[in-house]
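Presented below is the structure to which this report refers.
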Amino acid sequence: MINIDYTNMMASAVPSGVTPETWSAFEEKFKGAQAGFAKLVDSGEVGFSEIAANKTLAESVVAFAKSVEGRFSDVVVLGIGGSALGPIALRTALCADHWNLRSKEQRAGQPRLHVLDNVDPVSISGLLDILNIPDTLFVVISKSGGTAETMSQFLIAYDAVASRNLNPASHFVFVTDPSSGALRKLADELKIPALEIPSNVGGRFSVLTPVGTLPAALVGVDLNELLRGAAEMADRCLSPSLRDNPAGIFAALQYLSDTDLGRHIHVLMPYSDELRDVANWFVQLWSESLGKVDSAGRHVGPTPLPALGATDQHSQVQLFMEGPADKTITFLSVRQRSVDVVIPKLFDTVPELSYLGGHSLSELINIEQLSTAGALARRDRLNMTIELSKVDAWHIGGLLMMLEIATAYAGQLYQVDAFNQPGVELGKSFAYALLGKPGADDAKAEWDLLPKPDSRWRTNNQ
Ligand code: PA5
């Protein structure tokens, strides 16, 4: 079960919230957004919402995972952005050993899964130091097949494999576009197995393609359930009735909060360690999809912010309660945890400890979430809760699909193209120019126009 309780977004509960009149009037606008998204799907331009029905793709993942079963102690994903955040979110939510802390015996034949999502030499050399390369499979993920960070990681890993006289075709698998890009070409040349990201599924919407499903399958996640959850949610999110459409409700309320109610910052706050990286994944989805110049030339888009309950009750919640009223808080709550721990009844003469004894930790974390939601509501702070009955493959598939479709609807509401990212290009071109990539002359010329660092405006501590 996945439900949304949005009582605390509405004026009936929180005075500055959405009024019943605004909400009913919004049905029409939502219909327009839904029609706009349906057009993109029907024309084949956008494919993520139908991905769970692509049996061939899922079978290619299962077949590859089976072919390497028991062969590797470690799997290392190389990728960045949408090619890393999805695998990380799935690992944290669904892989029992997500911190890679279990012994070989405890893992019972399951490899450890690492995701290198940056080009910090400290992390890369630190990981290479602990890996036994002959026992390692590298999963190189890049839709474009040419991203500088991922290609650098790949070159380093390739050298580590080749310099040990190991066969790269046995230690690499690529996940990339079906026909274009350098990785696809290399796969053909070097006979490296390569799985497909359908060309109509973009990076941050690709978690349910082999981008996420291959790493997940390699550590034993139940793909059938993941994709069944996603498919069922996609159906729910097609409902023309806003009140029955979870993606529509989320998109509409966040959009209204931003554009009508001054709530420009959208916090996603799971009360679950397993869901903490869903919040980081969502941050990319919401910001890279919606932070744009709209069809009228205005700079638009909400600012997403990740938080974690109960940890952030001792950090950001002070700001959420008493800082500027410019945020919505969306909680992710989990009714039933996979394990629970009862707090022992000890020190019954110490009142600060004794009231805790006999409660379970899941009771504690869930009561803390309810209390924080209630406290925010009492201070006129808008919040809503996405409730999951548990964290398993079915629920995660559903949750991710819901947030993806919500993002597509929000793109329509903001009148932006949710599927491109033109704003990242200039920084990339400057980096190409500075690294001497051929064809970057224009970027170099633009870079040279920048004012040079000015000694008047720098500290000079030796
Ligand atoms: O959402 C996106 O398209 C981007 O964030 C990409 O995922 C990111 O830039 C990595 O791109 P690629 O998968 O082509 O290496």
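Observations on the model:
This table checks each residue for (1) without any contact (Cβ under 8 Å) to a residue 60 or more places away in the chain; (2) surrounded by 14 or more Cβ atoms within 10 Å (Cβ to Cβ); (3) assigned to a helix (DSSP H, G or I).
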residue	(1), (2), (3)
Asn8	no, yes, yes
Val14	no, yes, no
Thr22	no, yes, yes
Glu27	no, yes, yes
Gln34	no, yes, yes
Glu45	no, no, no
Ile51	no, yes, yes
Glu59	yes, no, yes
Phe72	no, yes, no
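- Just one of the listed residues (Ser287, Ser239) is without any contact (Cβ under 8 Å) to a residue 40 or more places away in the chain and buried (at least 17 other Cβ atoms within 10 Å of the Cβ), namely Ser287.
- Being open to solvent by less than 50 Å² (accessible area, probe 1.4 Å) and either under 19 Å from Ala418 (Cα atoms) or touching a His at 6+ places or on another chain (Cβ under 8 Å) (or both) holds for only one residue in Tyr271, Tyr255, and it is Tyr255.
- Counting only helices (runs of 4 or more DSSP H) that fall entirely inside region 372-462 and contain at least 2 residues that are surrounded by 14 or more Cβ atoms within 10 Å (Cβ to Cβ) and without any contact (Cβ under 8 Å) to a residue 60 or more places away in the chain, the qualifying elements are 425-435, 441-449.
- Scan of region 309-341 for residues that are surrounded by fewer than 19 Cβ atoms within 10 Å (Cβ to Cβ) and closer than 25 Å to Met1 by Cα, ordered by number: Ala310, Arg335, Gln336, Arg337, Ser338, Val339, Asp340, Val341
Each row is one residue, and each column tells you yes or no for (1) at positive phi; (2) assigned to a helix (DSSP H, G or I).
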position	(1), (2)
Gly262	yes, no
Asp277	no, yes
Leu285	no, yes
Ser295	no, no
Asp312	no, yes
Ser333	no, no
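- Whenever a residue of region 193-209 is open to solvent by 20 Å² or more (accessible area, probe 1.4 Å) and modelled with pLDDT of 95 or more, its partners that are basic (Lys, Arg) and near the ligand (Cβ under 10 Å from one of its atoms), lying with C-beta atoms within less than 8 angstrom and at least six residues away or across chains, give the pairs Gly202/Lys143; Gly203/Lys143.
- Check on Ala63, at pLDDT below 95 and open to solvent by 40 Å² or more (accessible area, probe 1.4 Å): no
- Elements of the type helices (runs of 4 or more DSSP H) sitting completely within region 87-178 and holding at least 1 residues that are without any contact (Cβ under 8 Å) to a residue 24 or more places away in the chain, within 16 Å of the ligand (Cβ to nearest atom) and of a type outside the set (Lys, Arg): these cover 148-162.
- For region 179-191, a residue qualifies if it is open to solvent by 10 Å² or more (accessible area, probe 1.4 Å), away from the ligand (no atom under 12 Å from the Cβ) and among the aliphatic types (A, V, I, L, M), and the qualifying residues are Leu186, Leu190.
The values are calculated or read from the model by the stated rules, or taken from the named source; none is laboratory data. Every value quoted in this text rests on a predicted model; they were computed, and no experiment measured them. Positions of Cβ are generated from backbone atoms using ideal geometry, with glycine treated the same way; all protein chains shown enter the neighbour counts. We work out accessible area using only protein heavy atoms, side chains counted, and drop any ligands, DNA or RNA first. Shrake-Rupley method; radii C 1.70, N 1.55, O 1.52, S 1.80 Å.
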